[in-house]
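See structure below.
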Amino acid sequence: MAEHALRLDKWLWFARLTKSRTVAQALCESRHVRLNGRVVERSSTQVRPGQVLTLPLGEQIRVVRVDALPERRGPYGEACRAYTELTPALN
């Protein structure tokens, strides 16, 4: 049985965590993204449900768990169902 996966750059764009796929590719290749604690070096890295991503977005570091592999870049509400926010609250 084949395990379902999606390129990380596509997943970031589909989940609306980046504004464009080009930005997602640059982010992945910047070596600032971690997938399950390991540094990501290529935008073609495969992501699967259950994995945890740590990435810089704007002024903060976001931690999200991949919950789904969207088939398209849908509306914001649909995109939010692709992940669970694990970023600790800053209080």
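The values are calculated or read from the model by the stated rules, or taken from the named source; none is laboratory data. Fair warning: this is a prediction, and the values are worked out from it, not measured in the lab. Every residue, glycine among them, receives a Cβ derived from its backbone with ideal geometry; neighbour counts consider all protein chains shown. We work out accessible area using only protein heavy atoms, side chains counted, and drop any ligands, DNA or RNA first. Shrake-Rupley method; radii C 1.70, N 1.55, O 1.52, S 1.80 Å.
Return P(r) of the range 12-64 (all Cα-Cα pairs; 10 Å bins starting at 0; whole %; ordered from short to long distances).
25, 66, 9
Enumerate the residues in the range 69-90 having an amide nitrogen under 15 Å from the point lying 7 Å beyond the Cα of GLN51 toward its Cβ.
Counting only backbone N, you get 69-70, 83-84.
Over all directions, what mean area does the Cα convex hull of the chain project, stated in square nanometres?
On the way: hull surface 24.5 nm².
Average projection, Cα convex hull of the chain: 6.1 nm².
Got a sec? Which residues in the range 47-91 would a label at ARG38 touch, if it sits 7 Å along Cα→Cβ and we count backbone N under 17 Å?
Counting backbone N atoms under 17 Å from the label point, the list is 47-55, 66.
What's the center-to-center distance, using Cα atoms, between the range 1-30 and the range 45-89 in Å?
10
First compute the accessible area of the chain with a 1.4 Å probe, then give the percent of it belonging to carbon and sulfur atoms.
50
Please sort by residue number the GluC sites (Glu not before Pro) in the range 25-91 whose DSSP state is loop and whose Cβ has at most 11 other Cβ atoms within 10 Å. If you can, show how the numbers build up before the last one.
Values: sites: GLU29, GLU41, GLU59, GLU71, GLU78, GLU85; in loops: GLU41, GLU59, GLU71.
Here the GluC sites (Glu not before Pro) that fit, given the DSSP loop and packing criteria, are GLU59, GLU71.
Suppose all protein chains stay in the model; what accessible area per residue would a 1.4 Å probe give for the chain, in Å²?
Result: 64 Å² per residue.
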